[in-house]
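Here is the structure we will look at.
What follows draws every value from the coordinates through simple rules; no lab data is involved. Since the model is a prediction, treat every value here as computed from it, not as a measurement. Please note: Cβ atoms are built from the backbone with ideal geometry, for glycine as well, and neighbour counts cover all protein chains shown.
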Amino acid sequence: MQFSKHQPEMSPLFRDDGGELLYQLFLCGIALDKGYTAGGGLLLAPGMVGEDIFQGDSCQVYPAGVRGQLKAKDILLLGQRLHVAKLCRFAGNQKPLNEDFLDIKLREREDQHAFRRLRLPDGKTDLCSNDYLGIATGGLIERVLDQARDRHGSGGSRLLAGNYPLVEETEKMLAIFHAAEAGLIFNSGYDANLGLLSCLPQRGDTILYDQLSHASIRDGMRLSFARAFSFGHNDLTDLERKLASAEGNKFVVTESVFSMDGDQAPLAEMAAVCRRYGAHFIVDEAHATGVIGERGEGLVQVLGLQQECLARVHTFGKAVGCHGAIVLGSHRLRDYLVNYCRPFIYTTALPASAVRAIQTAYGLFPGMDRERGHLRALIDRLRGARLRFERLESVTPIQGVVVPGNEAVKTLAQGLQAEGLDIRPILYPTVPKGRERLRIVLHAFNTMEDMEKLIGLLAG
Ligand SMILES: Cc1ncc(COP(=O)(O)O)c(C=O)c1O
């Protein structure tokens, strides 16, 4: 039996053949195109040993390397190692799914060296998570909480059976913490931005957003009927110029700390521009929550701008160490969202156990001065180091080191991974071409020794 590049594109991995399982792995077209193999293939059944594996005439990717009893797990591992194996499953005479249209797009990612894969944690030093203060990593919530006290399940949408006193109490508590009139909890920061940006601006209105805004902001605007234009990153002149010609109600959207660059928006100046043009100001505080301010209240409050913002978004998936988000603003804004915001209305409410965890984490914030102080020391040390790459200017735990080119930044990240440092490359198209980078995220639980090791590996 021969497999070749002319073999049907469908490459079943598992086949239920008359009750007997046959496992079959083909290399798909991507591999063939890249010349890894021309006609290499693998066909095996449970119980087969390495020697029984059929190999195509010029298969070089897995030469006689597989020994012993082969299980589905081994085959999957092989598939992962090859990166290009196409895995699918079908039973009996059932026709394989036609997913060729997916392959075309996946191949684009491969060609850009930007193919994404899910990974499991493997014990490396965490320099990539958003758990800035270590609340999730250190199990700090579990230490305080009686897990059995709250329901883990959920009864429905907040507007139907999913509302309960704890969630409303938490909204009030967080509104007080953040010096806002009211708050509304969402299931994620993504949902909050999606909902806010899609339901506030109406047809005929204009949204102006920083060009580095998070995908959730962009996706929200795409769902809105308003027109949306970006302004240059933190560029007040460009913002003002665009506001001058904006039509309808005007909305200005930014992040207080940018998720990919770690720098801060000039919020005070932007608020002043918004006031001058009568624009509504919306600030996403995802990466400032817990980290900026004496109690981790965020940049808006540090600058005393809460009255200038129509809405603020604080997410719970970063320093809060939980999941969800809150939109802060007036009671009227809250009522509006409850009535018009589809990602709030048409989804199941967070369970009480999740909300209790959020409340608990917020209770920890004021006492985490030592953690915030250590974070600052780590940030200062990295900022003071001489590196052989451009370092993006940032005083926050998000530190970018620019390594142009997807392949170059991936290779460097792999080298750091091999040294035990879990640092992820950020690739084009997530960031513009030429601005690919290592996104180094610092945490209160990282040690100065971790930092010295990192600096040693990146030193100029
Ligand atoms: C700036 C910003 N806003 C919103 C989100 C989405 O938050 P969540 O992860 O809670 O969906 C993120 C997540 O990375 C973010 O960086």
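Altogether, the Stokes-Einstein calculation at 20 °C and 1.002 mPa s, with the Kirkwood radius of region 195-342 over Cα pairs as Rh, returns a diffusion coefficient of 140 µm²/s.
Against the compact-protein benchmark of 2.2 N^0.38 Å, the Cα-based radius of gyration of region 311-460 scales to 1.31. If you plug the beta carbon distance of ALA179 and THR348 into 1/(1 + (r/R0)^6) with R0 = 25 Å, you get a FRET efficiency near 0.25. For TYR209, nonlocal amide neighbours, meaning residues 5 or more places apart or on other chains whose placed amide H falls under 5 Å from its own, are PHE229, SER230, PHE231, VAL253.
Close amide-amide hydrogen proximity is noted between HIS280 and LYS250, PHE251, VAL252, each under 5 Å apart and 5 or more residues distant or on a separate chain (H modeled in the peptide plane; Pro and chain starts excluded).
What's the exposure ranking of ASP150, ASP191, going from fewest to most Cβ atoms within 10 Å?
Taking fewest neighbouring Cβ atoms as first place, the list is ASP150, ASP191.
Let me check I've understood the local charge: for TYR340, count other residues with C-beta under 15 angstrom from its C-beta, Lys and Arg +1, Asp and Glu -1. What total comes out? Net local charge, TYR340 excluded: +2.
Between ASP369 and ASP235, residue separation times 0.36 nm minus the direct Cα-Cα distance comes to 45.0 nm. The slack between PHE115 and MET448, meaning 0.36 nm per residue of separation minus the straight C-alpha distance, is 116.6 nm.
Structure note, pairs LYS433/LYS453; LYS124/LYS410; LYS410/LYS453; LYS105/LYS410: Cα-Cα distances above 24 angstrom occur for LYS433/LYS453. Of the peptides 435-446, 211-222, 377-388, the ranking by mean beta-carbon count within 10 Å, highest at the top, reads 435-446, 211-222, 377-388.
What FRET efficiency do you get for GLU247 and PHE389 if R0 is 60 Å and r is their Cβ-Cβ distance, rounded to the nearest 0.05? Please report the intermediate quantities before stating the final value.
Values: r = 43 Å, r/R0 = 0.72.
Result of the calculation: an efficiency of 0.90.
The Cα-based radius of gyration of region 263-373, divided by its Kirkwood radius, gives an Rg/Rh of 0.99. Summing +1 for each Lys or Arg and -1 for each Asp or Glu among the other residues whose beta-carbon sits under 12 angstrom from that of GLU285 gives -1.
Taking label positions 7 Å along the Cα-Cβ direction at both ALA418 and ARG276, the computed distance is 5.3 nm, reported to one decimal.
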